[in-house]
Each structure stands twice: as structure tokens, then as C-alpha cells.
Amino acid sequence: MNYLVISPFYPENFQPFTIELAKKEGVTVLGIGQEPYDQLPEELRYALTEYFRVNDLENIDEVKRATAFLMYKHGPIDRVESHNEHWLENDASLREQFNIFGAKPRHLKKTKYKSEMKKHFTKAGVPVVPGMVVKTEKDIEKAVKTIGFPMIAKPDNGVGASGTFKLTEKADLETFKQAWDGQTAYFFEKFVNSSIITTYDGLVDRHGNVVFETGLTYVHTPFELMQSKKDNAYYIEKELDPQLVKYGRAIIKEFGMKERFFHIEFFKDGKDYIAIEYNNRMAGGFTVEAYNYAHSIDLFRDYANIVTGGNVEERVFEPQYCLVATRRDTTNYLYPATEIYERYADNLKTVKRMPDAFAELQGNDAYLLVTKSKKELDEMIDFIGKTQ
């Protein structure tokens with residue numbers, strides 16, 4: 001099997017995907033990236049049979065030429081993947097061009113556009129809120145009449161909370177119109193009065209079967225983070241609500257993706273859930289490490305097993321909570337980092353430095369801690385985030 005990794009160096013915490021694949025018998029791992037070969041860590045260089053450096057990964061034609069060269073030298077490519085939201089469309093374009101297994105551009109429509117996601121959530125029998133695509137000012141007027149205030153407006157094709165507006169009155173519409181370029185299609189939907197966003201996350205095999213499932217809950221919603229620059233905090237749940245699992249599996253079946261991670265967001269609405277968004281990859285940042293710590297597993301190795309036709313490894317330990325809590329360099333906290341280390345010496349797994357590209361929204365240092373107690377989890381959130 002020839003497996004092509006797009007951007008094997010960045011993000012750095014995804015490098016184990018390449019390293020674990022290279023350990024599998026019969027797998028040749030190839031890489032295309034922007035970084036000079038000498039910049040790659042020794043273990044990553046050793047894992048790559050060949051690495052092709054391009055000037056710009058954004059230039060899909062350049063990446064296609066690099067792929068063609070690697071195919072000429074090593075034979076047909078069996079898989080191509082980056083696991084990165086930013087490269088999903090380019091990955092799909094490469095699969096289409098070179099007839100490679102996996103999601104093609106036509107498959108991404110239902111995962112790119114919020115309006116399309118909503119249609120598939122409905123087909124899966126999962127609750128959603130009313131919404132509509134807005135392309136003109138007349139559409140805005142129609143949305144006000146059919147949906148009514150309060151509403152949330154977000155790009156129909158967008159990532160996270162970027163470009164999102166909360167519309168509670170006509171004055172908010174004027175603010176939106178002034179900021180809107182008039183070209184970007186927006187999706188307006190009814191505002192959900194819930195401060196809890198939780199997820200159904202996991203991995204499906206080449207047949208679309210869920211082979212790993214978990215979920216996380218945000219302490220602050222992504223929209224709150226964007227508006228207030230609060231410290232980011234979320235935790236992997238120790239166990240999942242059966243109702244959430246039921247909805248999540250129905251969505252997985254409806255979307256029909258194969259051999260990849262997924263990350264599906266929901267509002268918690270009393271005892272029920274409302275589907276928000278389907279992400280055709282795992283949650284970002286250091287969430288893969290949090291999954292691993294919560295479940296005492298190695299998802300990098302599990303993924304390599306799945307790609308080569310095997311199974312995820314047996315789950316030996318009971319799941320626990322794993323908290324990811326960030327701090328900002330510019331904030332004065334009541335308790336210094338040394339006190340976190342001392343107080344939670346038995347819980348703290350690692351401290352990660354957030355890449356600069358994500359630090360403004362999410363914070364600079366990420367603390368990953370585990371606990372079996374929800375009470376202790378809440379204490380950790382309070383202790384780490386308390387300011388002077």
C-alpha cells in the first residue's frame with residue numbers, strides 16, 4: 001500500500017499518524033509538504049520513504065504534479081490524507097484526479113455547507129432548528145419573516161464560529177449588512193437558547209462502521225470564545241448519553257463516509273439534542289491526545305490498523321474525563337503554573353504550547369488532565385481559569 005500524507009510536519013501533534021503507518025508491514029508512506037526536509041524531526045524523516053517539498057500547498061496544481069511524480073516512482077497511490085480541515089478539499093481533489101479511495105469533491109458538498117448538513121440531519125431523523133440560505137437583502141427580509149428573532153447568521157461554507165453574528169433585533173441586521181460583503185452566502189437559523197455544546201466523535205472503518213466513539217463538551221461555546229476571548233476549556237466525556245449515540249450513529253449512516261474520523265456538534269436541549277454541524281475529521285487542537293488519555297488508547301495506531309484492514313485495539317481500561325484547559329500569556333491568573341503542577345500532579349498528563357495560528361482564539365498553553373470525578377473536573381476548570 002502506498003499512503004500519501006499531505007503536510008506530514010504540520011500540525012506537529014499529527015506526526016504520529018505518519019510514524020504509526022510506517023510501522024505497518026507493506027505500507028510505504030510518502031509525504032508532500034512545504035517545510036524543508038531537514039526541518040522534519042528524525043523519526044518523521046525515517047517514517048517517510050520519500051518526501052516531496054512544494055513551494056505552496058495551497059497551489060493544488062503544484063501538489064498534483066508532486067503526486068504524479070511520486071506515483072511515477074512508487075506506483076499507484078492507495079490513500080491520501082491530511083486529517084486537517086484546511087486541506088480537506090485539496091485531499092478530495094487529489095483522490096478524484098488520481099482515482100484514489102476516499103471522499104471525492106462531490107461527497108464534500110454535504111459536509112461543507114451548513115444548509116446541506118441540515119438536510120441530511122433531517123433525513124437521519126435528528127432534530128434541527130429552522131434555517132435558510134441568505135444570498136440577497138430580500139432573503140434577509142424573508143428570513144426575518146419565516147424564522148424570526150433571535151437568529152444566528154453564519155457563512156454557509158465556513159469553519160468554526162468565524163464570521164458569525166447573533167441577530168436579536170433590526171439594529172443587529174444593519175450591523176450584519178454593513179459587515180457583509182454581499183457575495184458570501186450565509187445561513188440564517190433560529191437561535192438556540194442553550195449554553196451547552198457537546199459532540200459525538202469517533203472513527204469509521206472502510207465499510208463505514210463506527211469502530212471508536214467518544215464525545216466532548218465545551219465549557220464555553222465557540223461563539224462565546226470568539227466574542228469574549230475567554231480561556232478555552234472542554235473535556236472528553238467519561239460516558240455518552242445513549243440518545244446522543246443514537247443520533248450520532250444515524251448521522252454517520254446518512255453521511256456515508258468511510259475510513260476516517262468524524263466530529264459532530266450538538267446543542268444540549270434539556271434531555272434532547274439538536275444537531276449543529278458535521279465535521280469530516282477529528283476535532284482540532286490537541287483533542288486527539290485528549291481522546292487517548294481519556295480512554296488509555298493510541299488512536300494514531302488504531303487508525304493505522306484500520307487503514308490496513310485491521311481492527312482498533314482492545315479497550316482494557318475504563319474511560320475517564322480528560323480536560324483540556326488553556327491559558328493566555330496576557331492574562332493574570334490567581335494561581336501560577338507551578339501550583340497547577342503541585343495540586344494536580346497525579347492528574348496532569350501534559351502541557352502543550354498552542355500554535356500561534358490558533359492562540360488568539362484558544363489561548364497559549366493547553367493543560368491536559370484526567371480524572372474519574374465530575375466534581376474534581378469542575379474544580380480543575382475553576383482552579384486553572386481563575387483570574388486575579
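The values are calculated or read from the model by the stated rules, or taken from the named source; none is laboratory data. Predicted model only: the values in this text are computed from it and were never measured. As a convention, Cβ positions derive from the backbone with ideal geometry for all residues, glycine included, and neighbour counts pool all protein chains shown. Just so you know, the surface numbers come from the protein's heavy atoms only, side chains and all, with ligands and any DNA or RNA stripped out. Shrake-Rupley method; radii C 1.70, N 1.55, O 1.52, S 1.80 Å.
Scoring Thr49 on the criteria (1) of a type in the set (Ser, Thr, Tyr); (2) over 23 Å from the mean Cα position of the chain (by Cα); (3) crowded, with 18+ Cβ neighbours inside 10 Å leaves a single failure, condition (3).
When the residues of the stretch 85-107 are filtered to those that are closer than 15 Å to Ser7 by Cα and among the acidic types (Asp, Glu), the one that is most open to solvent (accessible area, probe 1.4 Å) is Glu89. Going through the stretch 134-163 one residue at a time, which ones are in a helix (DSSP H, G or I), among the acidic types (Asp, Glu) and either within 26 Å of the chain's Cα centre (by Cα) or closer than 30 Å to Glu89 by Cα (or both)? Within the stretch 134-163, Glu137, Asp139 meet the criteria. Screening Ala161 on (1) at pLDDT below 95; (2) of a type in the set (A, V, I, L, M); (3) over 30 Å from Trp180 (Cα atoms) shows it passes everything except condition (3). Assess whether Val211 counts as being among the hydrophobic types (A, V, I, L, M, F, W, C) and part of a strand (DSSP E or B). Yes, satisfied.
Listed by first and then second residue, the pairs linking a residue in the stretch 347-369 that is touching a residue at least 12 places away in the same chain (Cβ under 8 Å) and of a type in the set (Asp, Glu) to a residue that is assigned to a strand (DSSP E or B) and open to solvent by 40 Å² or more (accessible area, probe 1.4 Å), with Cβ atoms under 8 Å apart and 6 or more places separating them unless they lie on different chains, are Asp365/Val351; Asp365/Lys352; Asp365/Arg353. Only residues that are in contact (Cβ under 8 Å) with a residue 40 or more places away in the chain and hydrophobic (A, V, I, L, M, F, W, C) were counted in the stretch 153-187, giving 4.
Take the residues of the stretch 108-135 that are open to solvent by 60 Å² or more (accessible area, probe 1.4 Å) and not charged (D, E, K, R): which is farthest from Lys271 (Cα to Cα)? Per the criteria, the residue is Tyr113. Among the small types (Gly, Ala, Ser) and surrounded by fewer than 16 Cβ atoms within 10 Å (Cβ to Cβ): is that true of Gly385 in this structure? For Gly385, the condition - among the small types (Gly, Ala, Ser) and surrounded by fewer than 16 Cβ atoms within 10 Å (Cβ to Cβ) - is not met. Is it the case that some residue within the stretch 324-332 is assigned to a loop (DSSP other than H, G, I, E, B), modelled with pLDDT of 95 or more, open to solvent by 30 Å² or more (accessible area, probe 1.4 Å) and among the hydroxyl-bearing types (Ser, Thr, Tyr)? No, there is no match, as no residue in the stretch 324-332 is assigned to a loop (DSSP other than H, G, I, E, B), modelled with pLDDT of 95 or more, open to solvent by 30 Å² or more (accessible area, probe 1.4 Å) and among the hydroxyl-bearing types (Ser, Thr, Tyr). Cβ-Cβ distances below 7 Å connect the following pairs, each with a first residue in the stretch 133-149 that is within 21 Å of Lys119 (Cβ to Cβ), a second residue that is open to solvent by 50 Å² or more (accessible area, probe 1.4 Å) and not in a helix (DSSP H, G or I), and a separation of six or more residues or different chains: Ile147/Pro130; Ile147/Lys190.
Picking from residues in the stretch 164-196 that are at pLDDT 95 or above and in a strand (DSSP E or B), the one that is most open to solvent (accessible area, probe 1.4 Å) is Lys190. When the stretch 17-45 is limited to residues that are hydroxyl-bearing (Ser, Thr, Tyr) and either open to solvent by 10 Å² or more (accessible area, probe 1.4 Å) or modelled with pLDDT under 95 (or both), the one that is farthest from Val5 (Cα to Cα) turns out to be Tyr37.
For the stretch 257-284, a residue qualifies if it is touching a residue at least 60 places away in the same chain (Cβ under 8 Å) and open to solvent by 30 Å² or more (accessible area, probe 1.4 Å), and the qualifying residues are Lys258, Phe267, Lys268, Asp269, Asp272, Arg281, Gly284.
Tell me yes or no: at least one residue of the stretch 366-375 is of a type in the set (A, V, I, L, M, F, W, C) and over 15 Å from Asp231 (Cα atoms). Checked against the condition, which is being of a type in the set (A, V, I, L, M, F, W, C) and over 15 Å from Asp231 (Cα atoms), the stretch 366-375 yields at least one hit. One residue alone among Val54, Val80 is under 23 Å from Lys109 (Cβ atoms), open to solvent by less than 10 Å² (accessible area, probe 1.4 Å), touching a residue at least 12 places away in the same chain (Cβ under 8 Å) and of a type outside the set (S, T, N, Q), and that residue is Val80. Among the residues of the stretch 360-375, those that are surrounded by fewer than 16 Cβ atoms within 10 Å (Cβ to Cβ) and part of a helix (DSSP H, G or I) comprise Glu360, Lys374, Lys375. Checking each residue in the stretch 275-310 for being more than 16 Å from the chain's Cα centre (by Cα), in a helix (DSSP H, G or I) and β-branched (Val, Ile, Thr) picks out Ile306, Val307. Residues of the stretch 237-255 include none that is modelled with pLDDT under 95, surrounded by fewer than 16 Cβ atoms within 10 Å (Cβ to Cβ), of a type outside the set (S, T, N, Q) and in a loop (DSSP other than H, G, I, E, B).
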